[in-house]
Every structure is written in C-alpha cells, then in structure tokens.
1. Expressed as a whole percentage, what fraction of the accessible surface of the chain belongs to carbon and sulfur atoms when a 1.4 Å probe is rolled over the protein heavy atoms?
2. Note down, for the chain, the three equivalent ellipsoid semi-axes (square root of 5 times each alpha carbon gyration tensor eigenvalue), biggest first, whole angstrom.
3. For residue 395 and residue 125, FRET efficiency with R0 = 22 Å and r from the beta-carbon atoms, rounded to 0.05?
4. Mind giving me the FRET efficiency for residue 411 and residue 352? R0 is 41 Å, r the Cβ-Cβ distance, nearest 0.05 is fine.
5. Provide the packing ranking of 288-298, 166-176, i.e. peptides ordered by the mean count of other C-beta atoms within 10 Å per residue, highest first.
6. Send over a whole-number figure in Å² for the accessible area per residue of the chain, probe 1.4 Å.
7. Out of every Cα pair in the stretch 1-146, what percent are spaced more than 27 Å from each other?
8. State which entries of 82/375; 222/375; 222/365; 21/375; 6/339; 82/400 exceed 25 angstrom in Cα-Cα distance in the structure shown.
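The values are calculated or read from the model by the stated rules, or taken from the named source; none is laboratory data. These figures come from a predicted structure and were not determined experimentally. No Cβ is skipped: glycine too gets one built from the backbone with ideal geometry, and neighbour counts run over all protein chains shown. Side chains are part of the model used for accessible areas, which takes the heavy atoms of the whole protein and leaves out ligands, DNA and RNA. Shrake-Rupley method; radii C 1.70, N 1.55, O 1.52, S 1.80 Å.
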Amino acid sequence: MNVFDKLVLRNGSSIPNRIAKAAMEENMADADHAPSDALIRLYQAWAGGGAGLLLTGNVMVDGRAMTGPGGVVLEDATHLDKFQRWASAGRANGAQFWLQINHPGRQMPANLRQPTWAPSAVPMDLGSMSRHFSPPKAMTQDGIADVVRRFARTAQLGEQAGFTGVQIHAAHGYLLSQFLSPLTNRRNDAWGGPLENRARLLVDVVKAVRAAVSPGFAVAVKLNSADFQRGGFSVEDAREVVKMLNDLGVDLVELSGGSYEAPAMQGQARDGRTLDREAYFVAFARDIRAVAAMPVMVTGGIRRQPVAEHVIQSGVDMVGIGTALAINPNLPRDWLAGKDSAPALPPITWKNKVLASLANMAAVKFQLRNLSRGKATHPGVSPLRALILQQVSDACRVRKYRRWVAQRIQA
C-alpha cells in the first residue's frame with residue numbers, strides 16, 4: 001500500500017489517492033459570506049496539484065456563529081450558484097471535494113459582537129488573550145436542536161451545489177468538541193456527564209446529516225485524538241466515540257488534536273527529526289484504527305513523502321496535509337514525479353505561545369492569499385509581518401461582518 005493507491009469509502013465511492021488537502025481556515029468569503037473569486041482561484045490551484053481529496057476550511061452552519069471574520073456561511077440556497085462554482089473548481093481534475101461544516105461554540109471572537117453559546121458557561125482560558133472571547137451562555141434544548149437542523153441543512157445544500165461530501169468538525173475545541181470534553185461540558189442533563197451523553201450531540205448531528213443526503217454522498221467526522229489538557233477529552237474517549245460512529249454510516253474519520261487553549265494541531269512539540277514526530281498524531285491514529293470500521297485519516301505536520309508512506313504502511317488509510325500544501329499546492333504531483341519536496345514554515349519560538357500560535361496561522365494564511373492571487377508563496381515571511389497583515393485584514397473583515405449582520409436584521 002502506498003500514498004498513490006486509491007481509497008474506497010464505505011459508501012462505494014473512491015478517492016484517487018491517499019493524500020488529502022487538509023482543512024485550513026481561509027477567511028476569504030465575499031461580502032455576502034459566500035465563496036469569493038479569490039477562494040475559487042485558490043482551490044483551482046489545489047485541484048491541479050494532485051491531491052485525491054480536498055477539504056474546505058470552515059463553512060459555517062449559522063451566520064451568527066463564526067470562527068472568524070471573512071468566513072463562508074451556507075445556511076440557505078441564496079448564493080448556491082457561487083457554491084456550485086466552488087465545487088466545480090475543486091472537482092475539475094477528479095478529486096473528491098468535501099465541505100468542512102462547523103459551529104464555533106465559545107471559540108468565536110468577541111469583536112464580532114454576537115451572542116456566544118456553548119454546552120456550559122465556561123469561558124476561554126487564554127491568559128491575557130481571554131478578553132478576545134466573550135464568556136458563553138449555556139445552550140438551551142431548543143438551541144441544541146437548532147444546531148442539529150443546521151448541520152443537516154448545510155450538508156444537504158452542499159450536495160445540491162455539487163460537493164461530494166461533508167466533514168463534520170468535532171475537533172479543535174469547536175462546539176461539538178466542547179460537548180465532548182468534560183472541561184467545557186459541565187451539564188447535568190442528557191447532554192452532559194458520562195461520555196455517552198457528551199457524545200450525544202455529535203451522534204445526533206451525524207444521524208441528521210446522513211438522513212439528509214444521498215447514500216453516495218460522503219459523511220466524514222473530524223475528531224480530536226485528545227484535547228491535550230488535563231481532565232479533558234482523552235485518547236480512551238476518542239476510541240469509544242469512534243465505536244459509536246461505526247454504525248452511523250460515517251465514511252471516514254480524521255484524527256487531529258488540541259484546541260485554541262492547547263494548540264497541539266500546530267505541532268508545538270515537533271522537531272522533525274523522526275518520522276513519528278513529524279506525523280505527530282500517527283500513534284493515536286494507529287490505536288484508534290484498531291476499533292474503527294471506517295477508514296482513518298491522520299493530519300498534523302506531514303510534509304515529506306517518506307513520512308506519508310510510513311503513515312500509510314503503518315495501517316492508517318489516508319494522510320492529511322495542510323501547511324505544506326499551502327506552500328506548494330503541487331506537492332502530490334511533485335512526489336509522483338519523484339521530486340524530493342518537503343515544504344515547511346520556519347519554527348516560531350516566541351515565549352508567548354498564544355501569540356506564536358496566531359503568528360503561525362497568519363503565516364499560513366499569507367501563503368493562501370498569495371496562491372489566491374496567482375503569486376508565488378513565501379514561506380520565509382516574517383511571522384511578525386504576517387501577523388500584523390492578518391490583524392489589519394481581520395479588522396476590515398470584522399467591520400464588513402457587522403454590516404452584513406445589520407443588513408440581515410433589517411431584512
């Protein structure tokens with residue numbers, strides 16, 4: 001088995017190879033929070049690069065609940081034509097193209113000035129940066145039911161637009177992940193307490209999505225292998241949740257880890273000297289693969305072909321690549337041609353880990369903007385410069401988002 005073998009999913013469809021362009025948040029929506037021309041150009045670049053599966057960045061199921069300004073929203077058919085253009089661009093060269101659908105819960109910037117909801121009223125703990133996130137309110141039963149309906153509706157619209165699947169985001173500290181974690185879910189009703197209750201929202205969302213789309217449409221889940229916080233969602237919890245998903249028609253599970261409070265998905269401990277340190281969630285994936293009835297994908301730090309091959313040969317079904325594909329969108333094609341390409345960003349060693357995490361994300365988004373404009377990427381960009389540019393861009397997008405919300409209220 002190698003990375004260029006096709007992967008057959010449980011729904012009978014196949015992915016041309018075992019390489020996925022993992023989700024990265026682009027923040028490139030247009031003024032209507034639909035896919036912009038720049039976003040479509042970005043995916044045209046990836047579509048020609050040779051990855052068998054393309055995963056979008058966050059597509060929000062509720063325009064009132066955003067992971068950040070400039071996010072794409074799909075909650076009705078108003079701009080379905082733009083999503084159709086996006087789907088066509090991503091599928092142009094035979095790759096499967098899935099929407100990553102999400103709700104941020106408490107991980108929504110306070111400057112968006114929207115009510116913030118979470119399983120329980122547990123605020124973010126980011127030290128001096130905590131003020132950038134509003135303390136959340138505990139969700140009501142009606143609010144939970146609304147979230148389930150919204151995930152299903154967004155998936156249904158995605159299929160209508162021509163995407164081949166969706167990935168339900170239940171990782172990285174977003175809403176579904178918050179319900180799974182005992183640190184953020186302190187409820188004492190049917191949605192909290194034992195793992196079966198904490199997983200209920202994810203299970204209900206998966207069931208609703210599966211019922212809303214056709215059998216051949218892929219339904220995947222992104223799950224934390226662990227939260228990497230004491231007392232949080234554990235590897236043992238992840239294993240049990242995967243067992244719950246086995247009988248729900250899930251076609252693939254992607255394993256990652258961490259949250260805003262503990263950003264393990266950015267590889268803080270990785271030094272790149274060994275295969276397992278580069279693919280830093282692969283050990284968890286091997287463990288969970290033993291109980292999974294569906295294919296398992298691992299994402300986190302992979303940038304070299306020997307590492308990707310090592311992951312596949314160890315029994316994991318698919319490798320997700322993010323930052324390396326932001327730097328070189330043609331990476332799979334280069335590997336197939338025998339080129340020894342291993343793109344990477346320089347490590348950021350700032351003492352403030354939260355700022356370092358923000359700078360890392362800004363450096364990735366700097367590459368995405370260049371690709372969307374048809375320009376060469378610049379992996380050596382100064383992290384400080386990238387962060388400042390991103391902050392300026394976000395400030396502009398925050399103002400646009402507030403105007404968009406005000407117009408929706410007036411309408």
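1. 51
2. Whole-Å semi-axes of the equivalent ellipsoid: 27, 25, 23.
3. Efficiency for this residue pair is about 0.35.
4. 0.45
5. 166-176, 288-298
6. The answer is 39 Å² per residue.
7. Result for the distance tail: 35 percent.
8. Over 25 Å apart, Cα to Cα: 222/375.
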